[in-house]
Amino acid sequence: MVYDSIENPTAVFNYPVLFLALIAAFKIGFVVLGFFITRKSTTDLKMLGFWVLAMILLSLTEAPTLLFC
């Protein structure tokens, strides 16, 4: 959310540090989930599929700022 009285007058909070902490927690959670899926998986295709999906999702956390410029 953009904190601006003209473009976003209904912004409830403006915590850029909280945003960065949540992004870091999301990324760490995905890596930990990938670690456990890799240990439990019996097929290489399943592991590869998860890691490809995880890398796409992790890289897209930075992309929305580029889309709205």
- prompt: For residue 20, all conditions in the list (1) assigned to a loop (DSSP other than H, G, I, E, B); (2) open to solvent by 70 Å² or more (accessible area, probe 1.4 Å); (3) modelled with pLDDT under 85 hold save one; what is the number of the exception?
  reply: (1)
task: Please specify each residue of segment 32-47 satisfying the condition of being surrounded by 12 or more Cβ atoms within 10 Å (Cβ to Cβ) and assigned to a helix (DSSP H, G or I).
output: 33, 34, 37, 38, 46, 47
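The values are calculated or read from the model by the stated rules, or taken from the named source; none is laboratory data. Fair warning: this is a prediction, and the values are worked out from it, not measured in the lab. We place every Cβ from the backbone using ideal geometry, glycine too, and count neighbours over all the protein chains shown. Only protein heavy atoms, including side chains, enter the accessible area calculation; ligands, DNA and RNA are left aside. Shrake-Rupley method; radii C 1.70, N 1.55, O 1.52, S 1.80 Å.
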